[in-house]
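Take a look at the structure set out below.
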Amino acid sequence: MSSIHAAPAVPEKLTWAGGSEPLKASYGKIMMWFFLLSDTFTFSALLVAYGMIRFSQPAWAGAHEQFYFATTHWPIPDKVFAALPFMHGVEAPLIFVGIMTFILIFSSVTMVLAVEAGHRGDRAAVEKWLLWTIIGGFTFLGSQAWEWSHFIHGPELSLAAKDALGNPIDGANLTRNPYGPPAFADLFFFITGFHGTHVFSGVILNILVFFNTATGLYERRGHYEMVEKVGLYWHFVDLVWVFVFTFFYLV
């Protein structure tokens, strides 16, 4: 006698909801991490190239106080970047770039506070800290523009900016570089300019997020995740500057 087996019940509607979020991160944050990882490779390649070119060139072998600029040896950074705005002739090695670095790192702190306020759903606090982050970004860009202008036009009355004969030197550009080997100016413009472009992009993103926050868009969505995603980018830009500062200004 044949046995009759009941067919398994089939749900009326079969759907696939997808897997769980990896590391409890949304699609947007995962994609931001992918982008930052690819950008890390780019900056790493630039800094490695700088290191290889830097140490393939002869370094200054004399006493620090006897240094002079020439294309025969790599310049000492604190002799190149020793000026302050509106203070001609004053020697302040790396003070201005140190101030720039502090401003950018402090803007990362205000970005953290904006993200934290977003987690609490505090719209007013998000606006406040985003505004301070934007101001910090613009201040850094303005400082970098002054540094570029000073580098291009020359140190003028700076006592450290002398050639082998003791004469003041002119500024540098992409075709000439009295500070040292031509690669020094090329790398300065390319690496700091590439980073400055990232900072400018981050400021524009922060302005857009600030506008959306002010108009209540994220409040209506019920979350401020976009603030966190832009914050990841801003922290990355700040972290990269630490490496650029170390390689270019301290090594």
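The values are calculated or read from the model by the stated rules, or taken from the named source; none is laboratory data. These numbers were taken from a predicted model, which means no experiment stands behind them. Quick reminder, even Gly has a Cβ in these numbers, built from the backbone with ideal geometry, and neighbours come from all protein chains shown. All accessible areas refer to the heavy atoms of the entire protein, side chains included, with ligands and DNA or RNA removed. Shrake-Rupley method; radii C 1.70, N 1.55, O 1.52, S 1.80 Å.
Scan the range 235-244 for residues that are surrounded by fewer than 19 Cβ atoms within 10 Å (Cβ to Cβ) and of a type outside the set (Val, Ile, Thr) and jot them down.
Within the range 235-244, 235, 239, 243 qualify.
Report, by residue number, each residue of the range 220-234 that is buried (at least 22 other Cβ atoms within 10 Å of the Cβ) and under 13 Å from the mean Cα position of the chain (by Cα).
231, 234 - these are the residues of the range 220-234 that are buried (at least 22 other Cβ atoms within 10 Å of the Cβ) and under 13 Å from the mean Cα position of the chain (by Cα).
Hey, any hits in the range 78-88 for a residue that's farther than 25 Å from residue 236 by Cα and of a type in the set (Val, Ile, Thr)?
Yes, the range 78-88 has at least one match.
Is the range 126-140 home to any residue that is farther than 30 Å from residue 209 by Cβ and either of a type in the set (Ser, Thr, Tyr) or open to solvent by less than 80 Å² (accessible area, probe 1.4 Å) (or both)? Don't jump to the end; show me each part of the working.
Within the range 126-140, the first condition is being farther than 30 Å from residue 209 by Cβ, and the residues that meet it are none.
The answer is no; no qualifying residue exists.
If residue 111 satisfies every condition in (1) at pLDDT 95 or above; (2) open to solvent by 30 Å² or more (accessible area, probe 1.4 Å) but one, which is the exception?
Status for residue 111: all satisfied but (2).
With 60, 74 as the choices, which residue is over 21 Å from residue 100 (Cβ atoms), in contact with a helix residue (DSSP H, G or I) (Cβ under 7 Å, 6 or more places away or on another chain) and hydrophobic (A, V, I, L, M, F, W, C)?
Details: 60 fails: in contact with a helix residue (DSSP H, G or I) (Cβ under 7 Å, 6 or more places away or on another chain).
From the options 60, 74, the qualifying one is 74.
Looking at (1) in contact with a helix residue (DSSP H, G or I) (Cβ under 7 Å, 6 or more places away or on another chain); (2) not in a loop (DSSP other than H, G, I, E, B), which one does residue 116 not meet, given that it meets all the others?
That leaves (1) as the condition not met.
Out of everything in the range 51-77 that is in a helix (DSSP H, G or I) and open to solvent by less than 40 Å² (accessible area, probe 1.4 Å), what residue ends up being nearest to residue 250 (Cα to Cα)?
My answer is 77.
Taking the conditions exactly as written (in a helix (DSSP H, G or I), modelled with pLDDT of 85 or more, more than 30 Å from residue 30 (Cβ to Cβ) and among the aromatic types (Phe, Trp, Tyr)), does residue 184 satisfy them or not?
Details: in a helix (DSSP H, G or I): yes; modelled with pLDDT of 85 or more: yes; more than 30 Å from residue 30 (Cβ to Cβ): yes; among the aromatic types (Phe, Trp, Tyr): yes.
Yes, satisfied.
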